[in-house]
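One structure is given below, encoded as structure tokens.
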Amino acid sequence: DVKVTQSSRYLVKRTGEKVFLECVQDMDHENMFWYRQDPGLGLRLIYFSYDVKMKEKGDIPEGYSVSREKKERFSLILESASTNQTSMYLCASSPEPPGLVNTGELFFGEGSRLTVL
Amino acid sequence: AQSVAQPEDQVNVAEGNPLTVKCTYSVSGNPYLFWYVQYPNRGLQFLLKYITGDNLVKGSYGFEAEFNKSQTSFHLKKPSALVSDSALYFCAVRDKTGFQKLVFGTGTRLLVSP
């Protein structure tokens, strides 16, 4: 089975701290994604990556950055955490390269619930 | 831009009764549509998808969805609900511009009472 592992299930940070959220997948998937989930807003895409060292902005990239140094690992970085970044963060991966008609199935991690005080 | 709408924040149904969770879409061209489920404190799990072909799509855990082009809908259904079906359900559409990422709806909470 595909496994997407997010290193921290629950984090509590203070305003202004630098926060790293780590995600690792074990199925050699090309594509990786970071979403945030908020009640009433559903899932919103922050950043995605379709190859090592490649990244693309999603719908809400402000206040975030990402790093993909290895194919299996995709990190989300909050340079200076703010209270409005309190949320559930979901990492996902998919095997298809972009530009092809494909199934679109994403494999999600368990989520990281971040609270910024 | 491609989008989906889930008009109900919550759906309540008694165990054993049929359930429907609604989703409508707005896309240009033929849509690629998906349903995902999220159990408490868990990530999302893929349930089913419509790409092409038969309008009735069968998925995991006894769920099915009906694609209706004239009504631009993709409602999730199950003939007989279980208490264990209680979860958060998300409809999604494949954005066919650029990278073809998934765009999710706002989610519908399903509560199945014993």
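The values are calculated or read from the model by the stated rules, or taken from the named source; none is laboratory data. A quick note: this is a predicted structure, and the numbers were derived from the prediction, not measured. Cβ placement follows ideal geometry from the backbone for every residue including glycine, while neighbour counts extend to all protein chains displayed. Accessible surface is based on the protein model in full, side chains and every heavy atom, while ligands, DNA and RNA are left aside. Shrake-Rupley method; radii C 1.70, N 1.55, O 1.52, S 1.80 Å.
Spacing of the modelled spin labels on A:Thr86 and A:Ser67, each 7 Å from Cα toward Cβ, amounts to 2.8 nm. Its Cα gyration tensor gives region B:48-114 an equivalent ellipsoid. The semi-axes, each the square root of 5 times an eigenvalue, are 24, 15, 10 Å from largest down.
Rounded to the nearest 0.05, the FRET efficiency derived from the C-beta distance between A:Ile60 and B:Gln10 at R0 = 25 Å is 0.50.
Rolling a 1.4 Å probe over the protein heavy atoms of the protein assembly as shown, with every protein chain left in place, gives an accessible area that is 50 percent carbon and sulfur. Mean-square fluctuations from a GNM of chain A, with a 10 angstrom spring cutoff on Cα atoms, peak among A:Gly42, A:Gly58, A:Gly16 at A:Gly42. Placing pseudo-labels 7 Å out from each Cα toward the beta carbon at A:Arg44 and B:Ser3 gives an inter-label distance of 1.4 nm.
Kirkwood-type hydrodynamic radius, region A:4-116: 14.0 Å, calculated from all non-identical alpha-carbon pairs. Calculated on the alpha-carbon coordinates, the convex hull of region A:1-40 measures out at 127 cubic angstrom per residue. Report which residues of region A:26-40 become buried by 20 Å² or more of accessible surface when going from the isolated chain to the complete set of protein chains (1.4 Å probe; DNA, RNA and ligands ignored). Buried-area filter returns A:Phe33, A:Tyr35, A:Gln37, A:Gly40. Taking all protein chains as shown and a probe of 1.4 angstrom, B:Ser80 keeps an accessible surface of around 60 Å².
Annotation: A:Asp28 carries an accessible surface of approximately 100 Å², with a 1.4 Å probe and no ligand, DNA or RNA atoms counted. Given a 1.4 Å probe and the protein chains as shown, B:His75 ends up with an accessible area of around 40 Å².
Across B:Thr72, A:Thr15, B:Thr52, the residue with the most accessible area heads the list, and the full order at a 1.4 Å probe is B:Thr52, A:Thr15, B:Thr72. Determine the alpha carbon to alpha carbon distance for each of A:Lys70/B:Lys69; A:Lys57/B:Lys78; A:Lys57/B:Lys49; A:Lys3/A:Lys53; A:Lys18/A:Lys71 and list only those over 32 Å. Checking Cα-Cα distances, A:Lys70/B:Lys69; A:Lys57/B:Lys78 exceed 32 Å. Over region B:16-77, accessible surface divided per residue gives 48 Å², non-protein components excluded, 1.4 Å probe.
Here the relative contact order of chain B, from alpha carbon pairs under 8 Å that lie six or more residues apart, stands at 37 percent. Here the alpha carbons of the protein assembly as shown define both size measures, Rg and Dmax, at 17.6, 52 Å. The ellipsoid equivalent to the alpha-carbon distribution of chain B has semi-axes of 24, 15, 12 angstrom, derived from the gyration tensor eigenvalues as √(5λ) and listed largest first.
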